[in-house]
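Here is the structure we will look at.
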Amino acid sequence: MNAVTFGGRDGLRLELAPAPPAYEDRQPAWNARLTGPGIDVSLLCPEAVWYRSLADFLADLGPFGHGKRRWFGPSEWQSGDLELQLKVTQTADNTVSVEVVLTDGAPPRWQLKAEIELDPGAFGQIASDARRLSAVSLAM
């Protein structure tokens with residue numbers, strides 16, 4: 001797999017493909033693409049030096065793979081300039097909601113907000129892909 005993929009039950013799909021680091025700080029960067037019925041948008045989203053990495057954020061959600069069935073409260077992540085914001089909330093034993101906000105420009109020229117519903121078991125593969133592809137971004 002060449003992208004971190006959040007494939008929703010309702011046809012929405014967020015793909016985060018590694019991109020060359022955008023700044024001298026050599027943080028991973030991602031080409032975010034959100035697709036679904038009537039939606040197809042893409043945006044470059046560099047990670048921030050001052051915030052946890054996408055791979056670490058997703059690894060923290062990985063306890064589903066270790067027998068844990070639930071976590072409390074939402075877990076949030078953002079890219080360096082808020083181009084991409086993720087808010088992950090478990091809404092039922094078998095459902096995790098991923099709120100995705102893509103914003104282009106400052107002040108925003110446009111903003112798209114979508115909610116993707118996933119099975120909690122998907123996060124093991126998502127976290128593994130994020131860790132592997134972060135290294136790919138840094139090698140570009």
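The values are calculated or read from the model by the stated rules, or taken from the named source; none is laboratory data. This structure is a prediction, so every number in the text was calculated from the model and none was measured. No Cβ is skipped: glycine too gets one built from the backbone with ideal geometry, and neighbour counts run over all protein chains shown.
Here are some notes:
- Selection of the stretch 6-48 for residues being polar (S, T, N, Q) and crowded, with 17+ Cβ neighbours inside 10 Å yields only Q27.
- Here E24 meets the list (1) over 18 Å from Q125 (Cβ atoms); (2) touching a residue at least 60 places away in the same chain (Cβ under 8 Å); (3) out of contact with any Leu (no Cβ under 8 Å at 6 or more places or on another chain); (4) not basic (K, R) almost entirely, failing just condition (2).
- Scanning the stretch 89-112 for residues that are among the aliphatic types (A, V, I, L, M), modelled with pLDDT of 95 or more and under 18 Å from G73 (Cα atoms) gives V98, V100.
- Scanning the stretch 86-140 for residues that are outside any strand (DSSP E or B) and among the hydroxyl-bearing types (S, T, Y) yields S128, S134, S137.
- A32 vs. criteria of a type outside the set (K, R) and at pLDDT 95 or above: yes
- Test: L86 is touching an Asp or Glu at 6+ places or on another chain (Cβ under 7 Å), modelled with pLDDT of 85 or more, aliphatic (A, V, I, L, M) and crowded, with 17+ Cβ neighbours inside 10 Å: yes
- Search result, residues across the stretch 89-112 that are under 18 Å from G36 (Cβ atoms) and exposed (fewer than 12 other Cβ atoms within 10 Å of the Cβ): W110
- Restricting the first member to the stretch 117-136 and to residues that are surrounded by fewer than 17 Cβ atoms within 10 Å (Cβ to Cβ), and the second to residues that are assigned to a loop (DSSP other than H, G, I, E, B) and among the hydrophobic types (A, V, I, L, M, F, W, C), the beta-carbon pairs closer than 9 Å and six or more apart or on different chains are E117/L12; Q125/M1; R132/M1.
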